[in-house]
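A quick write-up on the structure given underneath.
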Amino acid sequence: MEQTTLQEEKRDYAVLVGLRSPVLGDDSADEESLAELSALVDTAGGQAVGMILQSRDKPDPHSFIGEGKVEEVRRMVQDEKATMVIFDNDLSPSQLRVLTEMTGVQVLDRSGLILDIFAQRARTREGRLQVELAQYQYLLPRLIGMWTHLERQGGTSGKGPIGSKGPGETQLETDRRHIHRKIDKLKAELEEVRRVRCTQRQRRMKNEIPVVAIVGYTNAGKSTLLNAITGAGIPANNRLFDTLDTTTRLLTVSDTLDVVISDTVGFIRKLPHQLVEAFKATLEELEYADLLLHVIDVSNPQWQQQAAIVESLIRELKADHIPCLRVYNKCDLAFSGQRSAGEDTVSISAKTGEGVPELLACIDKKLDKGTRRVTIHLPYDKAGLLDGLYREARVESVEYAATIDVAAVCTPKVLGQVKDYVEGWREEKEDWEL
């Protein structure tokens with residue numbers, strides 16, 4: 001009974017179709033990508049009721065998979081009472097229209113499905129703006145293929161009211177111009193978001209707070225990790241793209257290191273280029289990070305391919321010059337042989353907490369810039385240095401006794417200015433007494 005209720009809650013029943021062809025390159029489908037597509041359908045609130053994988057030397061320009069295979073898809077749609085067909089490849093506008101007519105149900109491609117999921121998941125204003133922009137950019141070239149009624153022309157048929165005669169324009173042109181206006185408006189609003197982010201970034205740089213960005217394939221455990229180390233309390237469910245909006249928290253890594261840590265939108269194979277473009281206001285934060293944590297789900301048999309896809313997108317975003325720690329997550333579910341060892345790798349289980357102290361130690365080591373916690377004894381005639389300490393160091397306490405005793409966390413630059421008054425400083429070794 002419980003299972004029946006669950007099925008009734010599903011919005012759509014979908015037949016999944018993929019084309020495997022050497023000319024498609026990265027857009028070619030296979031069993032693994034179809035399984036991932038099924039998971040995406042589940043995330044969108046639908047249910048996959050059948051799968052068809054077609055192999056051809058090249059796509060059919062008219063029906064993409066060939067009319068014989070389309071007929072097979074149509075029969076499966078009828079047999080399974082499916083309400084839509086979803087392709088694991090990108091389709092042209094005319095192919096979408098032809099396939100919709102031939103199957104008798106709505107046809108969607110992979111990019112359209114991912115955009116729908118993002119539209120459902122976006123919660124913040126910034127997230128909704130970015131998704132809306134990506135949707136319009138996706139829709140614009142598809143207007144003529146999806147909507148034949150948009151080719152009707154207004155003002156020239158002789159049936160309009162007096163005064164409406166003239167050269168007119170097609171409904172398609174009207175809608176296209178409207179979408180261009182919307183895109184320009186959204187880009188302007190996102191530019192404002194980018195400006196605010198730039199101001200926040202400059203403030204962090206001035207305060208010398210390092211930035212750590214969590215990246216990874218969707219459902220690799222990024223949100224679970226952020227919850228484990230910061231107590232962020234964000235939803236972390238076992239499904240693709242469960243978290244879309246960026247969450248940022250202050251994390252105390254050690255006695256001498258605080259960082260700003262944030263998760264980013266999950267990556268996936270065949271990520272629509274419209275989304276990458278629209279989410280640049282968010283993703284460009286990677287370019288200014290001091291350290292990337294690449295979270296990898298080693299319990300997934302495809303983890304090596306997933307890691308390669310993430311690294312490829314990091315290069316595309318021009319963030320490949322940033323130091324990166326590979327964080328092998330879900331090690332409690334993976335065989336030990338799957339874990340790789342190395343200087344820039346750490347194995348953890350974000351769910352159980354295993355390996356998290358080692359991860360924090362690695363972050364501390366990577367971002368250590370010689371910051372030290374010190375006690376400074378300032379003579380009263382040097383009280384003017386206190387103002388600089390408040391600006392450039394993290395002052396924890398000040399006591400006025402025989403001298404002004406300041407407990408602070410200082411960078412090497414600040415230490416150079418006050419080293420004559422630092423307790424335990426030895427000039428000849430430029431080191432600390434233990």
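All but one of (1) at pLDDT 85 or above; (2) open to solvent by less than 90 Å² (accessible area, probe 1.4 Å); (3) in contact with a helix residue (DSSP H, G or I) (Cβ under 6 Å, 6 or more places away or on another chain) hold for Asp320; which doesn't?
(2)
Please verify whether Ser312 is open to solvent by 30 Å² or more (accessible area, probe 1.4 Å), part of a helix (DSSP H, G or I) and either at pLDDT below 90 or not assigned by TED's automatic domain parsing to the domain that holds Lys222 (or both), treating the condition exactly as stated. Talk me through it step by step, then tell me what you get.
Details: open to solvent by 30 Å² or more (accessible area, probe 1.4 Å): yes; part of a helix (DSSP H, G or I): yes; either at pLDDT below 90 or not assigned by TED's automatic domain parsing to the domain that holds Lys222 (or both): yes.
Spelling it out, Ser312 is indeed open to solvent by 30 Å² or more (accessible area, probe 1.4 Å), part of a helix (DSSP H, G or I) and either at pLDDT below 90 or not assigned by TED's automatic domain parsing to the domain that holds Lys222 (or both).
Has the range 76-92 got any residue that is within 30 Å of Leu190 (Cβ to Cβ), modelled with pLDDT under 90 and part of a helix (DSSP H, G or I)?
Looking through the range 76-92, none of the residues is within 30 Å of Leu190 (Cβ to Cβ), modelled with pLDDT under 90 and part of a helix (DSSP H, G or I).
If I go through the range 54-104 residue by residue, how many of them are of a type in the set (Gly, Ala, Ser) and more than 20 Å from Leu34 (Cα to Cα)? Don't jump to the end; show me each part of the working.
Filtering the range 54-104 for residues of a type in the set (Gly, Ala, Ser) gives 55, 63, 66, 68, 82, 92, 94, 104.
Still in the list and also more than 20 Å from Leu34 (Cα to Cα): 68, 94, 104.
Number satisfying all stated conditions: 3.
Six or more apart or on different chains, Cβ under 7 Å: which pairs go from a residue in the range 299-311 that's of a type outside the set (A, V, I, L, M) to one that's open to solvent by 50 Å² or more (accessible area, probe 1.4 Å)? Could you list them?
Ser299/Leu333; Gln302/Glu32
Checking Asp109 against (1) more than 15 Å from Leu19 (Cα to Cα); (2) under 27 Å from the mean Cα position of the chain (by Cα): exactly one of these is not met. Which one?
Asp109 satisfies all of (1) more than 15 Å from Leu19 (Cα to Cα); (2) under 27 Å from the mean Cα position of the chain (by Cα) except (1).
Please determine whether any residue of the range 388-398 is surrounded by fewer than 16 Cβ atoms within 10 Å (Cβ to Cβ), modelled with pLDDT under 80 and within 43 Å of the chain's Cα centre (by Cα).
So the first thing to find is which residues in the range 388-398 are surrounded by fewer than 16 Cβ atoms within 10 Å (Cβ to Cβ), and the list is 388, 390-391, 396-398.
If we keep only those that are modelled with pLDDT under 80 too, we end up with none.
Checked the range 388-398: no residue is surrounded by fewer than 16 Cβ atoms within 10 Å (Cβ to Cβ), modelled with pLDDT under 80 and within 43 Å of the chain's Cα centre (by Cα).
Restricting the first residue to the range 346-366 and requiring it to be on the phi > 0 side of the Ramachandran plot and open to solvent by less than 90 Å² (accessible area, probe 1.4 Å), which pairs with a second residue that is part of a loop (DSSP other than H, G, I, E, B) and among the hydrophobic types (A, V, I, L, M, F, W, C) meet a Cβ separation below 7 Å and a spacing of at least six or different chains?
Taking only residues 6 or more apart or on different chains, the pairs are Gly355/Cys331; Gly355/Ile348.
Among the residues that make up the range 127-142, is at least one of them assigned by TED's automatic domain parsing to the domain that holds Ala39, open to solvent by 30 Å² or more (accessible area, probe 1.4 Å), within 29 Å of the chain's Cα centre (by Cα) and in contact (Cβ under 8 Å) with a residue 24 or more places away in the chain? Show your work before the answer.
Here is the first cut: in the range 127-142, the residues assigned by TED's automatic domain parsing to the domain that holds Ala39 are none.
Checked the range 127-142: no residue is assigned by TED's automatic domain parsing to the domain that holds Ala39, open to solvent by 30 Å² or more (accessible area, probe 1.4 Å), within 29 Å of the chain's Cα centre (by Cα) and in contact (Cβ under 8 Å) with a residue 24 or more places away in the chain.
The values are calculated or read from the model by the stated rules, or taken from the named source; none is laboratory data. Just so it is clear, the model here is predicted, and its values are computed rather than measured. So basically every Cβ, Gly included, is an ideal-geometry build from the backbone, and we count neighbours across all protein chains shown. Just the protein is used for accessible areas: all its heavy atoms, side chains included, with ligands, DNA and RNA removed. Shrake-Rupley method; radii C 1.70, N 1.55, O 1.52, S 1.80 Å.
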